[in-house]
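Peer 1: Have a look at this one before I ask anything.
The values are calculated or read from the model by the stated rules, or taken from the named source; none is laboratory data. Nothing here was measured: the structure is a model prediction, and the numbers come from that model. All Cβ positions, glycine included, derive from the backbone under ideal geometry; neighbour counts span all protein chains shown. What goes into the accessible areas is simple: the full protein's heavy atoms, side chains included, and nothing from ligands, DNA or RNA. Shrake-Rupley method; radii C 1.70, N 1.55, O 1.52, S 1.80 Å.
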Protein chains: 4
Amino acid sequence: MIVVMKNSASKEEILRVTDALVKKGMQVQTNKGVDCTVLGVLGDTYMVDKERVGMMNGVDRVVSVQEPYKKANRKFHPEDSIVHVSGVDIGGGTLTVMAGPCSVESFEQLEGIAKSCRKSGAKVLRGGAFKPRTSPYAFQGLGVKGLDILTEVRQETGMPIVTEIMAPKYVELFSEKADIIQIGARNMQNFDLLKEVGQTKKPILLKRGLSNTIEEWLMSAEYIMSGGNENVILCERGIRTFETYTRNTLDISAIPAVKKLSHLPVVVDPSHASGLSYMVESLALAAVAAGADGLLIEVHNDPKHALCDGAQSLTPDQFDSIMHKLTALKNVMS
Amino acid sequence: MIVVMKNSASKEEILRVTDALVKKGMQVQTNKGVDCTVLGVLGDTYMVDKERVGMMNGVDRVVSVQEPYKKANRKFHPEDSIVHVSGVDIGGGTLTVMAGPCSVESFEQLEGIAKSCRKSGAKVLRGGAFKPRTSPYAFQGLGVKGLDILTEVRQETGMPIVTEIMAPKYVELFSEKADIIQIGARNMQNFDLLKEVGQTKKPILLKRGLSNTIEEWLMSAEYIMSGGNENVILCERGIRTFETYTRNTLDISAIPAVKKLSHLPVVVDPSHASGLSYMVESLALAAVAAGADGLLIEVHNDPKHALCDGAQSLTPDQFDSIMHKLTALKNVMS
Amino acid sequence: MIVVMKNSASKEEILRVTDALVKKGMQVQTNKGVDCTVLGVLGDTYMVDKERVGMMNGVDRVVSVQEPYKKANRKFHPEDSIVHVSGVDIGGGTLTVMAGPCSVESFEQLEGIAKSCRKSGAKVLRGGAFKPRTSPYAFQGLGVKGLDILTEVRQETGMPIVTEIMAPKYVELFSEKADIIQIGARNMQNFDLLKEVGQTKKPILLKRGLSNTIEEWLMSAEYIMSGGNENVILCERGIRTFETYTRNTLDISAIPAVKKLSHLPVVVDPSHASGLSYMVESLALAAVAAGADGLLIEVHNDPKHALCDGAQSLTPDQFDSIMHKLTALKNVMS
Amino acid sequence: MIVVMKNSASKEEILRVTDALVKKGMQVQTNKGVDCTVLGVLGDTYMVDKERVGMMNGVDRVVSVQEPYKKANRKFHPEDSIVHVSGVDIGGGTLTVMAGPCSVESFEQLEGIAKSCRKSGAKVLRGGAFKPRTSPYAFQGLGVKGLDILTEVRQETGMPIVTEIMAPKYVELFSEKADIIQIGARNMQNFDLLKEVGQTKKPILLKRGLSNTIEEWLMSAEYIMSGGNENVILCERGIRTFETYTRNTLDISAIPAVKKLSHLPVVVDPSHASGLSYMVESLALAAVAAGADGLLIEVHNDPKHALCDGAQSLTPDQFDSIMHKLTALKNVMS
């Protein structure tokens, strides 16, 4: 961190800034020039509240040199992290496909899709029991009953399950029933929820918020990790831009960015990113080519009658065809 | 709502779509043309899940004509709603200024600011006890202790208080202690929290999310209102765009838009929108000129030593000067 | 400008960076710390290509302290600039309203609107002769004939005219016929056109690009000014964001920002910013309250039959009513 | 196109709208319901100015069903278009890599890079002679001299060249000297320039604007094609969003979108999209996996001393390594 003092800064002001930083455990190096003084700040600068320093008397600007996160930072953990999920390893050069319907509708529906996806090569079953919906009048998911169906199908098929949590009060229940707890895009900065899941040891799939930067996303991972839970899987699912043709804009650059900045695994959700089933194949292939550790893909036995988001779901046959292409691609990538 | 069927749609497909809509309580008018069939859908169409209809066999596209919200809709409630807050009326042509520090730091600090703001004409005291911070290492607010300080200062000054809630578990506590419960931008689509505060009768200040459309914002108000709590105050606080000079981009158009679409009061937070104290006056005046029912302004006795966000806070003197200009402007506006 | 060298930078690398900056006419102050060297760069740093320095060996990062523009910078020209347009002064605390139709359609149409707008208090007549249209099949304006109609109506009414130029080849013609040459949003970074109009002495109305930052906008003004033409009027007309309810998002903060950063006058176009005639009044009032030096408003005698953009045009009566409110507001603002 | 009339629309208003559409050569089908009338419009609806219809008396809204472009539309040209460039075929399942420096600096520099890139498998040489720069004080390119160097190196190496044009007055010169004329992102809606290059038969590489939708991009292609020049290559180079880690956000979804909507070839520029050389490989692979017909990659012999944009350029060795991976990927894709 570098603190540039104003030309007009007095000796006292410089001292006060220096003292405040030293009290926070930093080392401060004073570079006095003819016209301005520049303070070089060394130590765990992520612990320093940049905004607070920036408004002290005599400070012109504060420039971060280090990233503001530590546990999620590759600098302090050079090798890839691998998250172990009931026999499935996510990260570290593997390719894990998580597939399933948008919403859990019935045991029969879910079992059928799960078996079909497993046969095509999916390793994890996804399905929503609690659904975040923009309208209070829209279908909100089966709730606890949906969660029960998921666990029954897991028992039947042996596939670990990933499903979205929407409130802190369910953390215990999800810890018991789910294999991976998903934090949805709209809750990426629901800090209370992040703190709660940080108290568990469950793998957390943390979706990027619709308008959150890569740095904010990693800071939300840091919330979970600083609570003691290092089993975080990042999921890019599209950001909000001016383009309206696709539901969101898949930020493919986030994959190499996260790979460089962090050691955590990163997966991609091409179904929600585009909202268009015809694009899922192209985006899934692109994500793997860009280095993603996995994919989250919506598959429905009968997209035309799905209770939500049908337009972005694939049929089992389409999914099977994509899995063949992904395998061929993955072979050439490694 | 208008459903355009594909040219290739069969009679059976048209019937199935019609039946599904009729079952939802809609009236359906079939307009059969030479080349395509258009269904006019009448009734409470906000109850229809547009996405689900869009993916039925034979459907080309679904066009909304009505807004997807009802309780928040001015069409069904033409006169302005006024929210009554412990003696202060918000909405309906009045101008209510809510002022105070970003964070509650101590009784002395808050009392000093409160008295000063009240003297300048502020009607409501704002102050954060629970603070949403991007970094887990940054100051998170005094929590329950901060809430207690707020209530003590309310007793001292008679000013009702508005403060942010961050988790459903605190709804009861906030209902008891706060006069207005604030839902922050990052929680605008925390649907569980919306449902919980919808069960109370407390006035709710609902901030617009950083990347949420006006329609989504009104849908979140609808969540609260459909739960039984119609005391919703909307707060525009800037959206996220490519411009980095200001922290966010104040969407001034949201004021006339909300005024047309809804009967709910709308207030503006120029401090968070810009993050630059020098702009607060211009933006506050602009908001009132555009028709805002109130303002949320950060005031700090000593911005240079505030625990957060100092750069966007005003001194009591600056605030007093703005209040004079706002009064003159409000007089000419009405 | 501050150049932070990498910890690993060698003496030779530091010397090479210093030499390169000195050759550009800068003074360089070397602040050697225990762990890193920081170079303070003084002089006309806007002449230094920041990117090029940033990629030299041993450089960690380059931090701008000064703005990258000089002629448009208020630091070097503290008092407001006033642009003189055929008897009308724009800037410096005045409020200039420019009104007229989106497109020039006929002499009769334009004359009628001009006289009506003049009576309501408009000082400048606006009207498009060359129209930028997204579709090659849409109406492209009357071209040179439209320009002729504008000059005839100017002769008739005495109102100076502002109209948009779309290609460098017309600069001479526009210099002769128009009072203010408008550079549209889509041409804000048409650098060739900027250079050409910079060779004239004509007042230039420079609209902000749909996705351009305030800094880029001022850099485009700098292009014109560095060519010798200091008669630049900036025009905020909305930026492109994720919000689709309004055509664009009026960036009201750009007004106080430009007023602080630059001495140039800034006007606002609420008609194009929103695309909704019902909002024009609110946005016009907000712009003036925020400190705008003027407004650009679309007025049409018969919006329902206008050749384009009718939905955003006002009737002469609506315009007259707004002018009354603007006058009252302006009185209280000064 | 569907025109929904207001409930209150009179018979005369419906007739007037119908007449206006019929005069434009459309067929109009009137679907009269109990509550509203819906007009189905058939024919070359891209010729109808949607905005103008929308503001006619009695019209509630106009819904496009067809795309507003015809020549660029895959519906009217189902097979892939292939653009022939001096012996190189672009489009139709091939993969064409265009490589070279950001700016042409000297014959020696360009020749060295060209030979190296050709050896690695690049088919087209890219290099800027006229450079669009945000600052008037930054290096603007060698201009005509740069163009001459490009043609000399073409003669030497046999590689066709692509280079950016910035003003209509150079169209003749570029038609003579370049193999592909590039329209830069900032000029995507410089309609005058589009019309001029539409008069030639030269292949045009049309970059997507920073804040332009896919539809607007295809409309700009339509401008060129409707002028008679169907040799258009589309180039995705990143859009502007709130994310600041990368210079722009590569919109990978634009590739499958363009492939579905249009028959034109689409290439990707990962260098400008990210501005980060370490990402170029990942993004290039992703683009090919998503179906791109080619790539535009910046290569520099000595990125540390390049005159601009060094941070995004690759060394020849890095480029060679990427070409090997691209070849392996392309083999598995087809």
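Peer 1: Mind checking which residues of the stretch D:150-170 are open to solvent by 10 Å² or more (accessible area, probe 1.4 Å) and farther than 22 Å from D:Ser106 by Cβ?
Peer 2: Within the stretch D:150-170, D:Pro168, D:Lys169 meet the criteria.
Peer 1: Taking the options D:Gly227, D:Gly238, name whichever one is of a type outside the set (A, V, I, L, M, F, W, C), open to solvent by 10 Å² or more (accessible area, probe 1.4 Å) and either in contact (Cβ under 8 Å) with a residue 12 or more places away in the chain or at the interface with chain C (Cβ under 9 Å from one of its Cβ atoms) (or both).
Peer 2: Testing whether each residue is of a type outside the set (A, V, I, L, M, F, W, C), open to solvent by 10 Å² or more (accessible area, probe 1.4 Å) and either in contact (Cβ under 8 Å) with a residue 12 or more places away in the chain or at the interface with chain C (Cβ under 9 Å from one of its Cβ atoms) (or both) leaves just D:Gly227.
Peer 1: Quickly run through the stretch A:195-245 and pick out the residues that are within 21 Å of A:Tyr46 (Cβ to Cβ) and aromatic (Phe, Trp, Tyr).
Peer 2: A:Trp217, A:Tyr223
Peer 1: Could I ask something else about it? Report the residue count in the stretch D:80-131 for those that are hydroxyl-bearing (Ser, Thr, Tyr), touching a strand residue (DSSP E or B) at 6+ places or on another chain (Cβ under 6 Å) and under 21 Å from D:Asn231 (Cα atoms).
Peer 2: The qualifying residues number 1.
Peer 1: Among the numbered criteria (1) open to solvent by less than 10 Å² (accessible area, probe 1.4 Å); (2) of a type outside the set (A, V, I, L, M, F, W, C); (3) over 24 Å from C:Leu142 (Cα atoms), which single criterion is violated by C:Ser282?
Peer 2: Here C:Ser282 meets the rest and fails (1).
Peer 1: Got a sec? Which strands (runs of 3 or more DSSP E) wholly within the stretch C:1-70 have at least 2 residues that are over 28 Å from C:Glu216 (Cβ atoms), more than 13 Å from chain A (Cβ to nearest Cβ) and open to solvent by 40 Å² or more (accessible area, probe 1.4 Å)? Step through it out loud before you land on a result.
Peer 2: Numbers: elements: C:2-5, C:27-32, C:37-42, C:59-63.
No strands (runs of 3 or more DSSP E) qualify here.
Residues are listed down the side, and each one gets a yes or a no for (1) outside the structural domain of A:Gly43 (by TED's automatic domain parsing); (2) more than 30 Å from A:Leu329 (Cβ to Cβ); (3) in contact with an Asp or Glu (Cβ under 6 Å, 6 or more places away or on another chain):
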| residue | (1), (2), (3) |
| --- | --- |
| A:Pro78 | yes, no, no |
| A:Ser81 | yes, no, no |
| A:Gly87 | yes, no, no |
| A:Gly91 | yes, no, yes |
| A:Leu95 | yes, no, no |
| A:Cys117 | yes, no, no |
| A:Arg133 | yes, yes, no |
| A:Leu150 | yes, no, no |
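Peer 1: Among the numbered criteria (1) among the charged types (D, E, K, R); (2) open to solvent by 10 Å² or more (accessible area, probe 1.4 Å); (3) over 14 Å from D:Met279 (Cβ atoms), which one does A:Lys260 miss?
Peer 2: It is condition (3) that A:Lys260 fails.
Peer 1: Are any residues in the stretch C:131-149 closer than 27 Å to C:Gly87 by Cα and open to solvent by 30 Å² or more (accessible area, probe 1.4 Å), and if so, which ones?
Peer 2: The answer is C:Val144, C:Lys145, C:Asp148.
Peer 1: While we're here: Just to verify a result, which residue in the stretch B:241-257, among those that are open to solvent by less than 10 Å² (accessible area, probe 1.4 Å) and hydroxyl-bearing (Ser, Thr, Tyr), is farthest from B:Leu95 (Cα to Cα)?
Peer 2: Applying the filter and picking the extreme gives B:Thr246.
Quick grid of which residues meet (1) within 28 Å of D:Phe242 (Cβ to Cβ); (2) within 11 Å of the chain's Cα centre (by Cα); (3) in contact (Cβ under 8 Å) with a residue 40 or more places away in the chain:
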{"residue": "B:Val171", "(1), (2), (3)": "no, no, no"}
{"residue": "B:Phe174", "(1), (2), (3)": "no, no, no"}
{"residue": "B:Arg186", "(1), (2), (3)": "yes, no, yes"}
{"residue": "B:Phe191", "(1), (2), (3)": "yes, no, no"}
{"residue": "B:Lys195", "(1), (2), (3)": "no, no, no"}
{"residue": "B:Gly209", "(1), (2), (3)": "yes, yes, no"}
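Peer 1: Report whether or not A:Ala273 is out of contact with any Pro (no Cβ under 9 Å at 6 or more places or on another chain) and small (Gly, Ala, Ser).
Peer 2: For A:Ala273, the condition - out of contact with any Pro (no Cβ under 9 Å at 6 or more places or on another chain) and small (Gly, Ala, Ser) - is met.
Peer 1: A further question follows. Please go through the stretch C:27-78 and pick out each residue that is over 26 Å from the mean Cα position of the chain (by Cα) and of a type in the set (Ser, Thr, Tyr).
Peer 2: Of everything in the stretch C:27-78, those that are over 26 Å from the mean Cα position of the chain (by Cα) and of a type in the set (Ser, Thr, Tyr) turn out to be C:Thr30, C:Thr37.
Peer 1: Further question: Mind listing whichever residues of the stretch B:246-267 are more than 22 Å from A:Gly209 (Cα to Cα) and within 9 Å of chain C (Cβ to nearest Cβ)?
Peer 2: From the stretch B:246-267, those more than 22 Å from A:Gly209 (Cα to Cα) are B:252-267; that's our starting set.
B:Ile252, B:Ser253, B:Ala254, B:Ile255, B:Pro256, B:Ala257, B:Lys259, B:Lys260, B:Leu261, listed by residue number.
Peer 1: Here is a follow-up. Could you list, in sequence order, all residues of the stretch A:97-122 that are surrounded by fewer than 21 Cβ atoms within 10 Å (Cβ to Cβ) and part of a loop (DSSP other than H, G, I, E, B)?
Peer 2: A:Ser106, A:Gly121 - these are the residues of the stretch A:97-122 that are surrounded by fewer than 21 Cβ atoms within 10 Å (Cβ to Cβ) and part of a loop (DSSP other than H, G, I, E, B).
Peer 1: Mind checking which residues of the stretch B:138-165 are of a type in the set (A, V, I, L, M) and modelled with pLDDT of 95 or more?
Peer 2: B:Leu142, B:Val144, B:Leu147, B:Ile149, B:Leu150, B:Val153, B:Met159, B:Ile161, B:Val162, B:Ile165
Peer 1: If you go through the stretch B:268-276 one residue at a time, do you hit one that is modelled with pLDDT of 95 or more, open to solvent by 10 Å² or more (accessible area, probe 1.4 Å) and at the interface with another protein chain (Cβ under 9 Å from one of its Cβ atoms)?
Peer 2: Within the stretch B:268-276, not a single residue is modelled with pLDDT of 95 or more, open to solvent by 10 Å² or more (accessible area, probe 1.4 Å) and at the interface with another protein chain (Cβ under 9 Å from one of its Cβ atoms).
Peer 1: Suppose the filter is within 21 Å of B:Ser211 (Cα to Cα), more than 7 Å from chain C (Cβ to nearest Cβ) and open to solvent by less than 10 Å² (accessible area, probe 1.4 Å); does B:Val299 pass it? Write out each step before concluding.
Peer 2: Values: within 21 Å of B:Ser211 (Cα to Cα): no; more than 7 Å from chain C (Cβ to nearest Cβ): yes; open to solvent by less than 10 Å² (accessible area, probe 1.4 Å): yes.
Considered against the rule, which asks whether it is within 21 Å of B:Ser211 (Cα to Cα), more than 7 Å from chain C (Cβ to nearest Cβ) and open to solvent by less than 10 Å² (accessible area, probe 1.4 Å), B:Val299 comes out as no.
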